[in-house]
Amino acid sequence: MKEIRRLDDVRMDEVHLSTPVSAEAIRSLKLGDVVYLSGALYTAREGVYRQVVDKGLPLPAGLRELTNVNFHCSPAASVRPDGSYSVEAVTATASFRFGKSMSVWFERSGAKTIVGKAGLTELAYREWFVPHGAVYLTTVGYGLGAMYGRSIKRVLDVHWLKELGIAQACWVLEVEKLGPFLVEGDAEGRSLFALANHEINLRIDEVYKTLPPPALSRFGEVLSRKDEVV
Amino acid sequence: MPAIPAKLIEDTARELMARAAIDIPPDYREGVRLARDREKSRLARFVLDEMLANWDIATAERRPMCADTGLPRYYVKLGNEAAVEGGLVGLEKALRRATADATASIPLRPNRVHPLTREDHNNNVGYHAPEVTYSIEPGGDWLDVTTVHKGGLFGTDWRMLFPGDGIPGIKRFFVDTLIESGKRGLACQPAIVGVGIGGSKDTCMRLGKEAACLRAVGSRSPDPAAAALEQELTALGNHIGIGAMGFAGTSMVVATHVELAHTHTGGMPIAIHQFCLSSRRSTARVFPSGTVAFRTDPQWFTDYYRRQGIE
């Protein structure tokens, strides 16, 4: 099979995974494959990571055994007056913010598949994902809230609803053919967005040729905080 | 003069919340379809095809198109002759009630939290939430209520430029902002890009936001310099080489809207806002007779709103 070196090499093969996702299935995912998930997954982002990674609270009972898929997501959900749940739309939140929690999280949760928005860097994958045999799937759009939402069959459980609120709680969801997602970080720690950024960067000097730097700089544009900005 | 019933405003605002969350405005949808047809990148085209399908599902199943239902807020245009039952305090009470009810009934994601403690009331209501922004229109006994649901983490920036930076300086800042949040698709492009130029810092921030959220795709600024800049910036944005989700491509900007305010003679403050693949807005005109007319074009930027003379 041709090695993926540029975006044009991506085949976008359709792949259907069931949870918990097997180590073999994870290893076989190629950058840019179009993935659909069936089974169970849970949402966890900074609120849940604060509970488990920072405060050291135990993972909700049975979660590790049920599934190894963590969705970086807050659903558009509510609790009905009779105590049942309404989850109508789900989309991901940007994952780069959670990088520092991931290593401990993988150890504690046994998660092997992260679904989120916009991925992390190849450095982050190599440091935090590859040692735990984990891969990253990115949602598409972004904003396929209705499409993803209709694949939710049932709310299996909600943890830390009171402590974290609806948006940050850990929602355990049964899903059927939830997707499409794209394989963004593979088992070797390669990134689809890194390929895209490489191609974008080839044009950048050309784009900026007629655009002069501004009269007044900002910190960040000058590299030392001791530099002048004028 | 009969007053507009507060209950009617509350019911209308609740309905606006649902329409905004669920139904993509046709002007933006058509803009994305055209961007899709121009796009050569297979991956970026795939993204836009899925978005078009998602909007159909949202409308057919009455589900929010995106789970990040943003920071729900209101823009109210008051006809100069309009009277509201309970006055403007009654109006604001109705809008806050509608926000809390809609958050549970649609449902919207309760995004609003205390910024320090992160406590969530689970109803999108709190300090200065929802924001209500007002404008006035001569000669009407109605009021227009518009709601906008916009996510807000990526794709916005502000900068103090100077007259010497000129149009090339504006273009550079525009490109900087688009690339910064365009890679990996953080801004959820292709967007309606609003550019506020001039005024005080807060004026340009407000105008840029309103230009992105409250003008329909296809509208043009009546100011010739601004209208020319709108076309140039759209072409420039799509020339950068970034498409949907940050894949190399062309689908970066659906439309650019430039709004101006007279500014300090020594400065040229500028703000850029990008309204995303879920460009959600919905408007209703509420009459004292009880009639309500819904639409998707807010018609916020009227000649009176952009007025520049003394009278």
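Cβ neighbours within 10 Å, averaged per peptide: list B:67-73, A:77-83, A:2-8 in order, most packed at the top.
Working: B:67-73: 25.6, A:77-83: 13.7, A:2-8: 11.6.
Answer by packing, highest mean first, reads B:67-73, A:77-83, A:2-8.
Over chain B, calculate the relative contact order: mean separation of alpha carbon pairs under 8 Å at least 6 apart, over the residue count, as a percent. Intermediate results must be reported in sequence, preceding the final value.
Numbers: 686 pairs, mean separation 80.7, N = 311.
Taking the mean separation of contacting Cα pairs over the length of chain B, I get 26 percent.
Any chance you could check the range B:234-248 for residues losing 40 Å² or more of accessible area when the partner protein chains are in, compared with the chain on its own (1.4 Å probe)?
Those are B:His239, B:Ile240, B:Met245, B:Phe247, B:Ala248, which lose 40 Å² or more relative to the chain on its own.
Any chance you could check the Cα centroid distance between the range B:58-105 and the range B:282-306 for me, in angstrom?
So the two Cα centres are separated by 14 Å.
How big is the B-A contact in terms of buried accessible area, both chains counted, 1.4 Å probe, rounded to the nearest 100 Å²? Walk me through the intermediate numbers first.
Working: alone 14610 and 12650 Å², together 22280 Å².
Approximately 5000 Å², summed over both chains.
Tell me, which cysteines of chain B are without a disulfide-compatible partner by the Cβ under 4.7 Å rule?
So, B:Cys66, B:Cys204, B:Cys213.
Ignoring ligands, DNA and RNA, what accessible area per residue does the range A:1-135 give at 1.4 Å, in Å²?
Numbers: 5750 Å² over 135 residues.
Value returned for the range A:1-135: 43 Å² of accessible area per residue.
Quick one: which of A:223-229, A:23-29 comes out on top by average Cβ neighbours within 10 Å, and what's the full order, highest first? If you can, show how the numbers build up before the last one.
Details: A:223-229: 8.1, A:23-29: 14.1.
The densest-packed peptide leads the list: A:23-29, A:223-229.
Between the range B:155-178 and the range A:199-230, what's the alpha-carbon centroid distance in Å?
11 Å
Can you compute the FRET efficiency between A:His132 and B:Leu71 using 1/(1 + (r/R0)^6), with r the Cβ-Cβ distance and R0 = 35 Å? Round to the nearest 0.05.
Details: r = 35 Å, r/R0 = 1.01.
My answer for the efficiency is 0.50.
Going highest first, how would you order A:149-156, A:133-140 by mean Cβ packing within 10 Å?
Output ranking for A:149-156, A:133-140: A:133-140, A:149-156.
What distance in nm separates the two pseudo spin-label positions at A:Leu123 and B:Ser289, each 7 Å out from Cα along the beta-carbon direction?
6.6 nm
With springs only between Cα atoms under 10 Å, which of A:Gly119, A:Gly56, A:Gly145 fluctuates most in a Gaussian network model of chain A?
Its mean-square fluctuation being the largest, the pick is A:Gly56.
Most mobile of A:Pro20, A:Pro131, A:Pro214 per a Gaussian network model of chain A (Cα springs, under 10 Å)?
Judging by the Gaussian network model, the answer is A:Pro214.
Using a Förster distance of 25 angstrom, determine the FRET efficiency expected from the C-beta separation of A:Asp13 and A:Glu188, and round it to 0.05. Don't skip to the end; give the middle numbers.
Numbers: r = 17 Å, r/R0 = 0.69.
So, using R0 = 25 Å, E works out to roughly 0.90.
Heavy-atom accessible surface, probe 1.4 Å, ligands and DNA/RNA ignored: which residues of the range B:102-137 lose at least 30 Å² versus the isolated chain?
The answer is B:Pro107, B:Arg109, B:Pro110, B:Asn122.
Which residues of the range A:164-178 show a drop of at least 30 Å² in accessible area when all protein chains are present, compared with their chain alone (probe radius 1.4 Å, heavy atoms only, ligands and nucleic acids excluded)?
A:Ile166, A:Ala167
If R₀ is 45 angstrom, what is the calculated FRET efficiency for the pair B:Glu30 and A:Ala215, using the beta carbon separation as r and rounding to 0.05?
0.70
Between the range B:1-30 and the range A:109-143, what's the alpha-carbon centroid distance in Å?
Going from one Cα centre to the other spans 39 Å.
Keeping the other protein chains in place, figure out the carbon and sulfur percent of the accessible area of the range A:10-208, with a 1.4 Å probe.
49 percent
Ignoring any ligand, DNA or RNA, what whole percent of the accessible area of the range B:152-275 comes from carbon and sulfur when the probe is 1.4 angstrom? Kindly include the intermediate steps, with their values, before the conclusion.
Details: 2350 of 3960 Å².
C and S fraction of accessible area: 59 percent.
Enter the accessible area per residue of chain B (Å², integer; probe 1.4 Å; all protein chains in place).
Working: 12070 Å² over 311 residues.
On a per-residue basis, 39 Å².
Counting only other chains, and only Cβ atoms inside 10 Å, what mean value do you get across the residues of A:129-142?
Numbers: counts 0, 0, 0, 0, 0, 0, 0, 0, 0, 4, 2, 11, 14, 16.
Mean inter-chain Cβ contacts per residue within 10 Å come to 3.
Name the residue, out of A:Ser101, A:Ser191, A:Ser86, whose mean-square fluctuation peaks in a Gaussian network model built on chain A with Cα pairs under 10 Å.
Judging by the Gaussian network model, the answer is A:Ser86.
The values are calculated or read from the model by the stated rules, or taken from the named source; none is laboratory data. Note that this is a predicted model, so its numbers are computed, not measured. Positions of Cβ are generated from backbone atoms using ideal geometry, with glycine treated the same way; all protein chains shown enter the neighbour counts. Just so you know, the surface numbers come from the protein's heavy atoms only, side chains and all, with ligands and any DNA or RNA stripped out. Shrake-Rupley method; radii C 1.70, N 1.55, O 1.52, S 1.80 Å.
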